[in-house]
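Just so you know, all these numbers are worked out from the coordinates, no wet-lab data involved. Owing to the predicted nature of the structure, the values given are computational and were not obtained by experimental measurement. Virtual Cβ from ideal backbone geometry, glycine too; neighbours counted across all protein chains shown.
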Amino acid sequence: MQVKISILSFLFLIILGLSVKAQYNSELKIETILKTNTTSIGQKIKYPSSTKDEVTMLKITIPPGKTTGWHQHDIPVFAYVLQGTLTVEFEDGKTLKFSENSSFSEVIHTVHRGINLEKNDLVLLAIYLGVKGKPLSIKNNTLITTEK
């Protein structure tokens, strides 16, 4: 019985995928960039509860050797690396790296900073699922913010 359910679920997903592609011109190339229900460190994504929902999309350029500064997000944020490699550092010293043409879901309620350790500009596309009038990120001044 479990095998039947798995096969039916698989077939349903294939049909669903074909129907989504059928909604667009067949000559288009459609690639999934990111599909997840967790952040880059495994936190469950939860949307803010608000009557003033607002989506913000930013193109962020980080020069060589510079950082975003220590901060955290209280909302879901999704990013795509257009150019360069992003190093994300956490309070405990652990790091994650995201190279060009990769995408990820930012951490929530977790202090971190983005660093460009490369010799060229780092360019990100970031999408914030926020609330009108609320900040996209919160600076954390309790940590040392020296740049590497």
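What to note about this one:
- For Lys66, a cut-off of 18 angstrom between C-alpha atoms picks up these aspartates and glutamates, skipping any fewer than 8 places away in its own chain: Glu89, Glu91, Glu100, Glu118, Asp121, Glu147.
- Sorted by Cβ neighbour density within 10 Å, fewest at the top, the residues Ile60, Ile108, Ile75: Ile60, Ile108, Ile75
- Cα gyration tensor category, rounded, prolate or oblate, for segment 66-148 with a/c compared to 1.5: oblate
- Rel. contact order, % - alpha carbon contacts under 8 angstrom, at least six apart, segment 53-139: 49 percent
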